[in-house]
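Structure first, commentary second.
The values are calculated or read from the model by the stated rules, or taken from the named source; none is laboratory data. These figures come from a predicted structure and were not determined experimentally. For neighbour counting, all protein chains shown are included, and Cβ atoms are generated from backbone atoms with ideal geometry for every residue, glycine included. Side chains included, ligands, DNA and RNA excluded: accessible areas come from the protein's heavy atoms. Shrake-Rupley method; radii C 1.70, N 1.55, O 1.52, S 1.80 Å.
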Amino acid sequence: MKILILSCNTGEGHNSAGRAVKEYLELQGHQVVMEDMMLLKGARTSKAVSGAYVGIVKHCPLLFGLGYRLGGWVSSDKRKSPVYYTCSLLEGTLQRYLEQNRFDAIVTPHLYPAETLTAMKKKGWLKIPVVAIGTDYTCIPFWEETDCDYYVIPHEDLIDEFAKRGVPREKLLPWGIPVRQNFMKEWDKREARKICHIPQESKSYLVMGGSMGFGKIQIFVLELARRMEADENMVVICGNNKKLETLLKRELVHRKNVRVLGYTDQVAAYMAACDVIFTKPGGLSSTEAAVMGIPMVHTNPIPGCETKNVEFFQKHGMSIGKRSFVGQVRAGEKLLEREKLRVEMQEAQKKNSRPEAAERICKLLEELIGKANEMID
């Protein structure tokens, strides 16, 4: 198969889900191309879209939350939204790209490409299967106005929500959010600690602030560092947030039991090595942690879909979420101290995680393309 994965640089979760599918497909010998759809229109367009999104989330989160709620109110399967019409402006660009690069199917872990592909399908320009992936534990506004062949969603308990919003029930596949192979393998904790240079006998916290640095994570980290015992240590992964990395390294320079990292490709190893994770409630990062079976405390969500993620995880016993920094720190301390709480949460994570999502998507694509080829023959 030759598969196109279309994403968009508005938060790293969509890209990570796409890369997880790409990784598995390539392991099965298939050819895969992954593109930022906005980049097809030019680097300036891609930068403008991602910059506007990230800027609003980081600097005006309440405005983002209001926009999300407004989207929920106007979202309908009876009419098309401004989001649809904006994304449809890229239909000509995407059509030319598809004509120049023949693909057997398209996978999209992002709403925007799904909107553009729907506009193309409406005009009869698209003949190959499209599989969409929902990367949050809720039906975000406007999924119902798209027309994909199938929608892979995180959990069976979300089927009614998606169906009520107007996504055809027969197209919903509750297979989970795809994660990369590193998060699925059996890790030995002692070996993981060697890789991550974490003392074998210590109690270890892992703090992840997300790719956009939302939530004043520095205040939380400083509060946790202040309360830590001598036999505890903390690893903070700042990702691409250089400003946060520099600030924390300066503030915590004398704390030998706190290590601040920038970008690392060893996130799975750090999750395997640590005892409790504090993470922003992105759908992808939360899924990775649940698949790894690390007890989890959710830090402050971006208003909107991340609020729904926290609600879902708490309802299913997969994480603890508190509003205040002190409440979050205390929740982490409680998890670290009480093995029974940790075990119960890990059992809930195992019950509700769907680590085989990428494999099932691969098999679905093989079936769809096989049927399409039989019809041609």
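Restricting the search to the stretch 80-92, which residues are among the hydroxyl-bearing types (Ser, Thr, Tyr), open to solvent by 20 Å² or more (accessible area, probe 1.4 Å) and over 10 Å from Ala119 (Cα atoms)?
Residue satisfying the conditions is Thr86 alone.
Could you please let me know if Trp175 is open to solvent by 50 Å² or more (accessible area, probe 1.4 Å), in a loop (DSSP other than H, G, I, E, B), hydrophobic (A, V, I, L, M, F, W, C) and in contact (Cβ under 8 Å) with a residue 40 or more places away in the chain?
On the way: open to solvent by 50 Å² or more (accessible area, probe 1.4 Å): no; in a loop (DSSP other than H, G, I, E, B): yes; hydrophobic (A, V, I, L, M, F, W, C): yes; in contact (Cβ under 8 Å) with a residue 40 or more places away in the chain: yes.
Criteria not met by Trp175.
Could you list, in sequence order, the residues of the stretch 124-145 that are touching a residue at least 40 places away in the same chain (Cβ under 8 Å) and in a loop (DSSP other than H, G, I, E, B)?
Kept after step one, since they are touching a residue at least 40 places away in the same chain (Cβ under 8 Å), are these residues of the stretch 124-145: 128-129, 131, 133-138, 140-142, 144-145.
Of everything in the stretch 124-145, those that are touching a residue at least 40 places away in the same chain (Cβ under 8 Å) and in a loop (DSSP other than H, G, I, E, B) turn out to be Ile128, Pro129, Gly134, Thr135, Asp136, Tyr137, Thr138, Ile140, Pro141, Phe142.
Would you mention how many residues in the stretch 178-201 are open to solvent by less than 20 Å² (accessible area, probe 1.4 Å) and over 17 Å from Thr287 (Cα atoms)?
Result for the stretch 178-201: 4.
Of the conditions (1) under 18 Å from Ile177 (Cβ atoms); (2) basic (Lys, Arg); (3) open to solvent by 40 Å² or more (accessible area, probe 1.4 Å), Lys280 fails just one. Which one is it?
(3)
If you go through the stretch 323-340 one residue at a time, do you hit one that is surrounded by 18 or more Cβ atoms within 10 Å (Cβ to Cβ) and under 18 Å from Pro154 (Cα atoms)?
First pass over the stretch 323-340, keeping only residues surrounded by 18 or more Cβ atoms within 10 Å (Cβ to Cβ): 325, 328-329, 331-333, 335-336.
Still in the running and under 18 Å from Pro154 (Cα atoms): none.
Scanning the stretch 323-340 turns up no residue that is surrounded by 18 or more Cβ atoms within 10 Å (Cβ to Cβ) and under 18 Å from Pro154 (Cα atoms).
Looking at (1) within 21 Å of Lys322 (Cβ to Cβ); (2) modelled with pLDDT of 90 or more; (3) open to solvent by 20 Å² or more (accessible area, probe 1.4 Å), find the lone condition where Phe214 falls short.
Checking Phe214 against (1) within 21 Å of Lys322 (Cβ to Cβ); (2) modelled with pLDDT of 90 or more; (3) open to solvent by 20 Å² or more (accessible area, probe 1.4 Å), the one that fails is (2).
Might you check whether a residue that is more than 26 Å from Asn241 (Cβ to Cβ), modelled with pLDDT under 90, assigned to a loop (DSSP other than H, G, I, E, B) and hydroxyl-bearing (Ser, Thr, Tyr) occurs anywhere in the stretch 63-80?
Taking the stretch 63-80 as the starting set, the residues that turn out to be more than 26 Å from Asn241 (Cβ to Cβ) are 69-80.
Going one step further and asking which of them are modelled with pLDDT under 90, we end up with 69-80.
Checking the rest, the ones that are also assigned to a loop (DSSP other than H, G, I, E, B) come to 75-80.
Now drop any that are not hydroxyl-bearing (Ser, Thr, Tyr), which leaves 75-76.
Taking every residue of the stretch 63-80 in turn, at least one turns out to be more than 26 Å from Asn241 (Cβ to Cβ), modelled with pLDDT under 90, assigned to a loop (DSSP other than H, G, I, E, B) and hydroxyl-bearing (Ser, Thr, Tyr).
Going by the conditions given, is Glu356 under 16 Å from the mean Cα position of the chain (by Cα), within 30 Å of Arg102 (Cβ to Cβ) and either open to solvent by 30 Å² or more (accessible area, probe 1.4 Å) or not charged (D, E, K, R) (or both)? Full working, then the answer.
Numbers: under 16 Å from the mean Cα position of the chain (by Cα): yes; within 30 Å of Arg102 (Cβ to Cβ): yes; either open to solvent by 30 Å² or more (accessible area, probe 1.4 Å) or not charged (D, E, K, R) (or both): yes.
Yes: the conditions hold for Glu356.
Of all the residues that make up the stretch 127-142, how many are open to solvent by 10 Å² or more (accessible area, probe 1.4 Å), over 25 Å from Leu98 (Cβ atoms) and not hydroxyl-bearing (Ser, Thr, Tyr)?
The first filter runs over the stretch 127-142 and keeps only residues open to solvent by 10 Å² or more (accessible area, probe 1.4 Å), leaving 127-129, 135-137, 140-142.
Subset that is over 25 Å from Leu98 (Cβ atoms): 136-137, 140-141.
Narrowing further to those that are not hydroxyl-bearing (Ser, Thr, Tyr): 136, 140-141.
Here the count works out to 3.
Among (1) more than 28 Å from Asp157 (Cα to Cα); (2) aromatic (Phe, Trp, Tyr); (3) at pLDDT 90 or above, there is one condition Phe278 misses while meeting the rest; what is its number?
Against the list (1) more than 28 Å from Asp157 (Cα to Cα); (2) aromatic (Phe, Trp, Tyr); (3) at pLDDT 90 or above, Phe278 comes up short only on (1).
Kindly provide the set of residues from the stretch 1-24 that are crowded, with 24+ Cβ neighbours inside 10 Å and farther than 17 Å from Ala114 by Cβ, ordered by number.
Ser16, Ala20
What is the one condition in (1) more than 23 Å from Lys351 (Cα to Cα); (2) open to solvent by less than 50 Å² (accessible area, probe 1.4 Å); (3) out of contact with any helix residue (DSSP H, G or I) (no Cβ under 7 Å at 6 or more places or on another chain) that Leu158 does not satisfy?
Among (1) more than 23 Å from Lys351 (Cα to Cα); (2) open to solvent by less than 50 Å² (accessible area, probe 1.4 Å); (3) out of contact with any helix residue (DSSP H, G or I) (no Cβ under 7 Å at 6 or more places or on another chain), Leu158 violates only (1).
Which members of the stretch 158-172 meet the condition of being charged (D, E, K, R) and touching a residue at least 40 places away in the same chain (Cβ under 8 Å)?
From the stretch 158-172, those charged (D, E, K, R) are 160-161, 164-165, 169-171; that's our starting set.
Residue satisfying the conditions is Arg165 alone.
So which residues in the stretch 227-273 are open to solvent by 30 Å² or more (accessible area, probe 1.4 Å), without any contact (Cβ under 8 Å) to a residue 40 or more places away in the chain, in contact with a helix residue (DSSP H, G or I) (Cβ under 9 Å, 6 or more places away or on another chain) and in a helix (DSSP H, G or I), if there are any at all?
Leu247, Glu251, listed by residue number.
Pairs, please: C-beta under 7 Å, at least 6 apart or cross-chain, first residue over 17 Å from Phe162 (Cα atoms) and in the stretch 302-313, second among the hydrophobic types (A, V, I, L, M, F, W, C) and open to solvent by 10 Å² or more (accessible area, probe 1.4 Å)?
Ile302/Phe64; Ile302/Phe214; Pro303/Leu62; Pro303/Phe64
Quickly run through the stretch 244-260 and pick out the residues that are acidic (Asp, Glu) and out of contact with any strand residue (DSSP E or B) (no Cβ under 7 Å at 6 or more places or on another chain). Walk me through how you get there before you give the answer.
Initially, the stretch 244-260 is screened for residues acidic (Asp, Glu), giving 245, 251.
Correct list: Glu251 only.
Tell me, which helices (runs of 4 or more DSSP H) wholly within the stretch 274-341 include 3 or more residues that are under 13 Å from Val207 (Cβ atoms)?
On the way: elements: 283-292, 305-315, 325-337.
The qualifying helices (runs of 4 or more DSSP H) are 325-337.
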